[in-house]
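Heads up, the thing below is written out as structure tokens.
We did not get these values from a lab; they are worked out from the coordinates using the rules stated. What you are looking at is a predicted structure, and each value in this text was computed from that prediction instead of being measured. Cβ placement follows ideal geometry from the backbone for every residue including glycine, while neighbour counts extend to all protein chains displayed.
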Amino acid sequence: MRRVSVDGLTFYQFEHLAARTDVVHGIFTRQGGVSEPPWASLNLSGSTGDSLEATTENRRRMLTALRLDQGQTVSAWLNHTNRVAIVGPQHLSTALRETDAMVSATPGLALSMRFADCVPVLFHDATRGVVGITHAGWPGVAANIVRVTMRAMRDAFSCRPRDVWAGIGPAIRVECYEFGRDLAQCVVAACPPGAAIIAPRPDGTIHLDLIAAVRSQLEASGVTDIEDSGFCTACHTDEWFSHRAEKKTGRFGVVFGLKDSLPSRDAGTDNAKNAKMN
């Protein structure tokens, strides 16, 4: 992935998306915000105990780094469901209730979600001009959230799996994700037969490979162009919030949208003097 710093904030971009001129996106680390511990510092969630003043300023900083403002975005109240919202201009400046995936074909509109171990999955269909974000925690994966998102893209915008690129963002990886055996079977049941989702350990415990589960659901949906960030949130709490590793913590932000009134240059290729590529 491409690592970018703008005005004290650090975020990452998928190589596939960074090379395009029709989208704007960023996967923001926890660095560069105003929140105090245990939410330090770029916490985007107001439901973790952090102050409204801090999270509001953090959101402003995040959007400014991408040359966006609140009026160009739509966010969601995540609820570990498989509910997918088809987002249009009527949703601008709102937060959708009980929504764990958003899909849009509206230029000038950016989707925003928050994470802290669950898998961010980004979708882009350049042929149809469609973007999407899915919040894939284990309950959502068990409820087929990835396949439901692809079905929504097909039904609403006639997207074809062969035209869709998918990006797997920073999330907890198998080495850090000890999991209950019975609950793991719920995830296994939602994945194609033979997918290696459970990793037994010598001490008799098991670990859940949520990334493998997401990838298997993407492939079962016909998506083969998949880019994986490779980041483990629990291993790298210097850059990412991790609920499993930290318990009381914040949420990092992911923003993804189609350009129109959005900036003609994304921050990953901006040559402005306050942008530094790392």
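So which residues in segment 42-82 are more than 19 Å from residue 109 (Cβ to Cβ), without any contact (Cβ under 8 Å) to a residue 40 or more places away in the chain and not in a helix (DSSP H, G or I), if there are any at all?
46, 47, 51, 79
Out of curiosity, is residue 93 of a type in the set (Gly, Ala, Ser), surrounded by fewer than 17 Cβ atoms within 10 Å (Cβ to Cβ), without any contact (Cβ under 8 Å) to a residue 60 or more places away in the chain and closer than 20 Å to residue 35 by Cβ?
For residue 93, the condition - of a type in the set (Gly, Ala, Ser), surrounded by fewer than 17 Cβ atoms within 10 Å (Cβ to Cβ), without any contact (Cβ under 8 Å) to a residue 60 or more places away in the chain and closer than 20 Å to residue 35 by Cβ - is not met.
Can you name every residue in segment 161-215 that is surrounded by 13 or more Cβ atoms within 10 Å (Cβ to Cβ), in contact with a helix residue (DSSP H, G or I) (Cβ under 9 Å, 6 or more places away or on another chain) and part of a loop (DSSP other than H, G, I, E, B)?
172, 173, 177, 190, 191, 195, 197, 209
Just wondering, is there one or more residues in segment 131-154 that are within 23 Å of residue 30 (Cβ to Cβ) and of a type in the set (D, E, K, R)?
Within segment 131-154 (the criterion being within 23 Å of residue 30 (Cβ to Cβ) and of a type in the set (D, E, K, R)), the answer is no, since none of the residues qualifies.
When you go through (1) crowded, with 19+ Cβ neighbours inside 10 Å; (2) without any contact (Cβ under 8 Å) to a residue 12 or more places away in the chain one by one for residue 9, which number turns out not to apply?
(2)
How about segment 96-126: which of its residues are within 17 Å of residue 23 (Cβ to Cβ) and surrounded by fewer than 19 Cβ atoms within 10 Å (Cβ to Cβ)?
Passing the criteria: 107, 108, 126.
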